[in-house]
1. Is it the case that some residue within the range A:362-378 is more than 14 Å from chain B (Cβ to nearest Cβ), over 27 Å from A:S568 (Cβ atoms) and modelled with pLDDT of 90 or more?
2. How about the range A:614-652: which of its residues are farther than 24 Å from A:I558 by Cβ, of a type in the set (G, A, S) and surrounded by fewer than 21 Cβ atoms within 10 Å (Cβ to Cβ)?
3. Can you tell me which residue among A:A139, A:A163, A:A150, A:A189 is of a type in the set (A, V, I, L, M, F, W, C), more than 18 Å from A:G12 (Cα to Cα) and buried (at least 23 other Cβ atoms within 10 Å of the Cβ)?
4. Residues A:V113, A:V146: which one is part of a loop (DSSP other than H, G, I, E, B) and modelled with pLDDT of 90 or more?
5. Using beta carbons and a limit of 8 Å, which pairs, at least six apart or on different chains, have the first residue in the range A:651-672 and of a type in the set (D, E) and the second one modelled with pLDDT under 95?
6. Taking the options A:S66, A:S16, name whichever one is out of contact with any strand residue (DSSP E or B) (no Cβ under 9 Å at 6 or more places or on another chain) and under 30 Å from A:E128 (Cα atoms).
7. Among the listed residues A:L284, A:L299, identify the single one that is surrounded by 12 or more Cβ atoms within 10 Å (Cβ to Cβ), closer than 23 Å to A:G406 by Cβ, under 33 Å from the mean Cα position of the chain (by Cα) and within 14 Å of chain B (Cβ to nearest Cβ).
8. Is it true that A:L98 is in a loop (DSSP other than H, G, I, E, B), in contact (Cβ under 8 Å) with a residue 12 or more places away in the chain and within 13 Å of chain B (Cβ to nearest Cβ)?
Amino acid sequence: MDDKKIVIALAGNPNSGKTTLFNSLTGATAYVGNWPGVTVEKRQGTYRNKKTGETCEVVDLPGIYSLSPYTPEEVISRDFILEEKPDVVINVIDATNLERNLYMTTQILEMDVPVILALNMTDVLEKEGQSIDADELSASLGCPVVSVSALHRRNLDILITAALRAGRTSRRGYTVLENGKYKEIIAKARDIYEHRGVENPLYHAIKALENDEVELARRPEDVKEVRALLNNKEKEDFEADTADERYKYITGNYVKSRHGQKVSAAEKLTPSDKVDRIMTNRFLAIPIFLIALFLMFHLTFAEDFLYLGKMGVPFSTCFEGNPYFEGLFWTENGINSIGVIIANLVNGITGWIWGSIENGLTSIGTPDWAVGLLGSVINDGFFAVIGFLPQILCLFFFFSLLEDSGYMARVAFVFDRIFRRAGLSGRAFIPMLMGYGCGVPAMVNTRTLNTDKERTQTIRVIAFFCCGAKVAAVAAVAGVLAAKVGWNAELIGLSMYLVGIILAVAMVILMHWTTQREKVPPFIMELPAYHKPQWKALGIHMWDKTKDFVKKASTVIILAAVLIWVFSNFTPTWQYIPSLVDEFGEPLADYEGSILKNICQMISPVFFPLGFGNNLSGAGWSLTLASSLGLVAKELVADAFITIAGGADAVESMVLGTGITTGGLLAFLIFNLTTVPCFAAVATAKAELPKGQLKWTILFWLGTSYVVSLMVRLVFDYVWTLAIIIPAIVAIFVCAYLWYRHACKKEELAKLAREAN
Amino acid sequence: MIKTLDTLAVGESGTIVKVHGEGRVRRRLFDMGLTPGAEVYFRKKAPFGDPIEITLRGYELSLRKDEAVNVEIELAEVKKNGR
């Protein structure tokens, strides 16, 4: 026996239950990686037969509809089967949607790889009074077929045993097109490839005849030769004819193994259709969506659940006086939502852990600086970031719930019309909205988008949304503004939410016209039937995200924490600040004389045009500090003020004492709201963006935030500048649009020239 | 009567006669089962009038009118007495 592990690949349409099957087969052994070069998740795991102890590797290929190169997922799947050569492919089929699912089967069967069909969801079909004869289907397909239920773990061992048996055999590709009008041409093309010693000759021959993009890019000469077998009319019709023949063959030969009454689409109104009547109803769709969105954010972030406190229900703070768990479940303001409770719990526990460590270290006489350094790494760095995790996961949980149930596809359906105008598809709306909660899950969610450019644009504008952590900064500055010019603080907060979305839309349009120009991606999307969430799969999903996040937090963020600690506790001559005293023998204030303060004073001229640089006096450098620390975590923006002012109550007088103008304050607020997001988000963006886009994206964030806050500063401090700024904005958009038209025209001409050849 | 898919009214159904268009979009339409001979049922329009939702081959598909205009449909005869 060779000791090479047997590899099974799972292939199938989206929503065929492929991932459920994968989870049932591999359980806790599964791990998620990325396919090389693209941001598509690669799931791998080990299956172990409980009785025989036999093991094999299982790879979950992305869910796809066809092996044509329409999406990166499709190219990955076909390359995996052709190049990595799994021992056997399990093609997962949704039995309730036999025709479309078998379409890809006919393509997989053309490869020289053992194939076995897993007929999933037969239980659902039986409820509708239909059944599929697996033996009959197996006979007509020429490959083994096993009825399974991935959800109820039925027949899984039988499936794998059959797969392993098939894996020990070899199979030659077979095509259903052998019965159609191109049978001679296909046979000839196949012979050409076979003589050249190409593996999988039948598959490559058919793709070449289709003039397939990937095939054309990799073997242009062969494709040219094979295409010469077709006359001009056939060249044009080949794709249509073969797709048609595949479906006709499926209807004629395979679908007959389905027994029972089939009802026509018009008469059939499944429970899912009934739900959809309400969910995508002309008048109800948008209100329902807004309510769902509000509930998600409310359950994650609200500190006054259902506004009971505001409605006058009296509360007293729970665990009053407890240093770690005060206000865990409720405070005098109201009941906490589930997200806040879990966050309080985690923060309480980590606070207690650090408290114990600190006490322990001090009692054995550890020097102050060591305790300080550890505190800044463990408590201010690692634990503080772990503190965001509950709410990130909470939000992730709700969005996954909607995604898995099938509702998100409807959201895309409802909002596509609006987003198309900006060059995006309706799907891009979802990650943007998640950005109001936290940019990290939002950026991960962009994986559901179709093209790299759409993904890049969406990730970039997610940074503009006012996430949970920015709220504290907004509140602090809004308070100062309210004191200075008497504006309503809540209204300022609300308008910051609007600034985010308006800027996002404007920048998407600009990018679409200039650097990220592409045709609006087509929108041809299945609306899967609604189904109940699978809690176990959801749990696995959450656990993956947690691991991912903790890994990030424990590397990049700890490094940043160490740097900041060093910079804020040492003078440029490397004296330890807490050990120094001023001329009166008093200990120095925080940050006094530190490298950090020096750096801030050095870079503050950069912010001079924005009105919060070295044009400020007194503690003016604190605004530069806050903006810099905001690059690590947006909570630190408000934190920096509080530390320097020596308490939250003193922030107002300190900031006003610097002589800052209204325009400067607003510019500061908008700069921090729209600039490079926190470390965790930048690390996520790095992982999710196409290769080489991170540096441009960071430049984009810096540039946009600087220009926008400069404009705001000028307008509020010198109203007359509107006369320059408005025409400038118009000019930018007009130029971008003209450029876009010009580029489109050039492309069209190039295309015409190509066709003429 | 022959119409393009985007001009169908909600509740109408018919059979695909021909699929026009080019390149990837046409390929995608084929892959999703929009091939000549397939029966489609026009289920609904999105709240803003576009995209549209159709039922074909036993599942629900949504596509924009821009894409649906490529699909020619032979309308099914309206049945007079119920079924």
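The values are calculated or read from the model by the stated rules, or taken from the named source; none is laboratory data. In this text, all values refer to a predicted model and were calculated from it rather than measured experimentally. Positions of Cβ are generated from backbone atoms using ideal geometry, with glycine treated the same way; all protein chains shown enter the neighbour counts.
1. Let us first name the residues in the range A:362-378 that are more than 14 Å from chain B (Cβ to nearest Cβ), namely A:362-378.
Now drop any that are not over 27 Å from A:S568 (Cβ atoms), which leaves none.
There is no residue in the range A:362-378 that is more than 14 Å from chain B (Cβ to nearest Cβ), over 27 Å from A:S568 (Cβ atoms) and modelled with pLDDT of 90 or more.
2. A:S617, A:G618, A:A619, A:A645, A:G646, A:G647, A:A648, A:A650
3. Details: A:A139 fails: buried (at least 23 other Cβ atoms within 10 Å of the Cβ); A:A163 fails: more than 18 Å from A:G12 (Cα to Cα); A:A150 fails: more than 18 Å from A:G12 (Cα to Cα).
Testing whether each residue is of a type in the set (A, V, I, L, M, F, W, C), more than 18 Å from A:G12 (Cα to Cα) and buried (at least 23 other Cβ atoms within 10 Å of the Cβ) leaves just A:A189.
4. Numbers: A:V146 fails: part of a loop (DSSP other than H, G, I, E, B).
One residue alone meets the criteria, A:V113.
5. A:E652/A:G479; A:E652/A:V480; A:E652/A:A483
6. Numbers: A:S16 fails: out of contact with any strand residue (DSSP E or B) (no Cβ under 9 Å at 6 or more places or on another chain).
Answer to the selection: A:S66.
7. Details: A:L299 fails: within 14 Å of chain B (Cβ to nearest Cβ).
Answer to the selection: A:L284.
8. On the way: in a loop (DSSP other than H, G, I, E, B): no; in contact (Cβ under 8 Å) with a residue 12 or more places away in the chain: yes; within 13 Å of chain B (Cβ to nearest Cβ): yes.
No, not satisfied.
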